[in-house]
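Encoded as structure tokens, the structure appears first; notes follow it.
Every number here is computed from the coordinates shown, using simple stated rules; none is lab data. Because the structure is predicted, anything quoted here is derived from the model rather than measured. Backbone-built Cβ (ideal geometry, glycine too); neighbour counts: all protein chains shown.
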Ligand code: CP
Ligand code: NVA
């Protein structure tokens with residue numbers, strides 16, 4: 001795909017791709033992962049450059065995109081608010097026009113989704129959401145790849161979301177609507193998911209539970225996230241109190257299906273949103289989940305730049 005191609009796609013939310021595109025991506029990720037594990041060189045993105053813009057901290061997203069791009073033959077430019085003109089109020093639209101004339105792909109981690117949307121609207125090349133206040137689609141892409149590897153298709157399955165109605169929760173809801181599973185959501189009062197912010201078309205893809213134990217009952221996957229997301233640090237004290245009963249522990253895992261998996265996008269706080277026993281226990285697949293950021297995003301970058309292969 002050339003810059004400005006009419007077939008160009010951005011990946012700003014999970015719902016930017018259709019179920020059949022996800023089926024393709026999960027299969028590509030499987031193949032790309034297998035080749036990588038076999039030390040087979042695969043460099044379809046030679047001479048392509050990814051610009052990565054981080055306005056929030058990151059370990060996994062940075063390493064997975066940067067390593068992934070180099071492994072596929074390309075290179076990366078890493079920008080932060082502090083070391084670029086973005087931090088000195090250059091308009092996001094102008095930044096998009098300039099960066100997208102020099103690079104082939106852009107990944108952005110920022111605060112408001114609206115900023116990402118504004119960047120994409122002025123970009124000649126595909127833009128990927130590397131996390132916003134509202135969504136984290138690359139993480140759910142990796143999470144579903146991980147589920148498929150361990151348990152097969154997610155269709156008809158139940159995911160228990162225990163914790164904040166945040167960017168991860170919103171993205172799980174979008175994924176449930178597209179891929180045909182149900183999310184049991186349990187959040188403290190005042191931290192509920194908002195279907196409008198979640199960007200879902202109906203409410204059939206999720207059920208709300210006051211009691212986190214009830215949300216976990218019969219679940220195929222139990223998942224959670226930090227109580228205080230990046231950008232919400234001022235609310236930390238209030239959140240510590242409000243979320244005290246929303247810690248995924250062995251009791252919660254015991255009411256899920258016997259073969260239920262536990263996931264967490266990481267970074268995790270043992271003793272807050274999850275007990276050490278659960279995250280370090282046999283049902284936890286958090287390290288596979290983190291590794292799969294690499295393989296899933298390599299498939300995504302290949303798709304956005306080259307379209308379907310073969
Ligand atoms: N899960 C995730 O996005 O991790 P980082 O914040 O380290 O990128
Ligand atoms: N919800 C968390 C996810 C971190 C990867 C945050 O936005 O900080």
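Using only Cα atoms and rounding to the nearest 10 degrees, what angle (0 to 90) does helix 60-71 make with the longest principal axis of the chain?
Its long axis makes an angle of about 40 degrees.
Please report 249, 5, 104 as a ranked list, fewest other C-beta atoms within 10 angstrom at the top and most at the bottom. Don't skip to the end; give the middle numbers.
Working: 249 16, 5 12, 104 22.
Arranged by neighbour count, lowest to highest, 249, 5, 104 become 5, 249, 104.
Take the alpha-carbon centre of the stretch 125-181, take the same for the stretch 208-254, and report the distance between them in whole Å.
17 Å
Taking a point 7 angstrom from the Cα of residue 31 along the C-beta vector, which residues in the stretch 289-304 have backbone N less than 17 Å away?
Correct set: 295-304.
Return a whole-number percent for the relative contact order of the chain, with Cα pairs under 8 Å and 6 or more residues apart as the contact set.
It rounds to 20 percent for the chain.
Using a 10 Å cut-off on Cβ atoms, rank the peptides 156-167, 47-58 from the highest mean neighbour count down.
Ranked from most to least packed, the peptides come out as 156-167, 47-58.
If you take every DSSP beta bridge whose two residues both sit in the chain, what share of them, in percent to the nearest 5, is antiparallel?
Beta bridges within the chain, antiparallel portion: roughly 0 percent.
Over all alpha-carbon pairs in the stretch 1-114, figure out the percentage whose distance exceeds 24 Å.
Percent of Cα pairs beyond 24 Å in the stretch 1-114: 33.
Please find, in a Gaussian network model of the chain (springs between Cα atoms separated by less than 10 Å), the residue of 128, 31, 144 whose mean-square fluctuation is greatest.
Looking only at 128, 31, 144, the largest GNM fluctuation is found for 31.
What length, rounded to one decimal in nm, is gained on full extension from residue 237 through to residue 18, with 0.36 nm per residue of separation minus their alpha-carbon distance?
74.9 nm
Per residue of the chain, what 222 nm ellipticity follows from adding -39500 (n - 2.57) for every DSSP H run with n ≥ 4, rounded to the nearest 500?
-12000 deg cm²/dmol
From zero up to wherever the largest Cα-Cα distance of the chain sits, split into 20 Å bins and tell me the percent of pairs in each.
34, 58, 8
For the stretch 11-52 and the stretch 64-118, what is the separation of their C-alpha centers, rounded to whole Å?
19 Å
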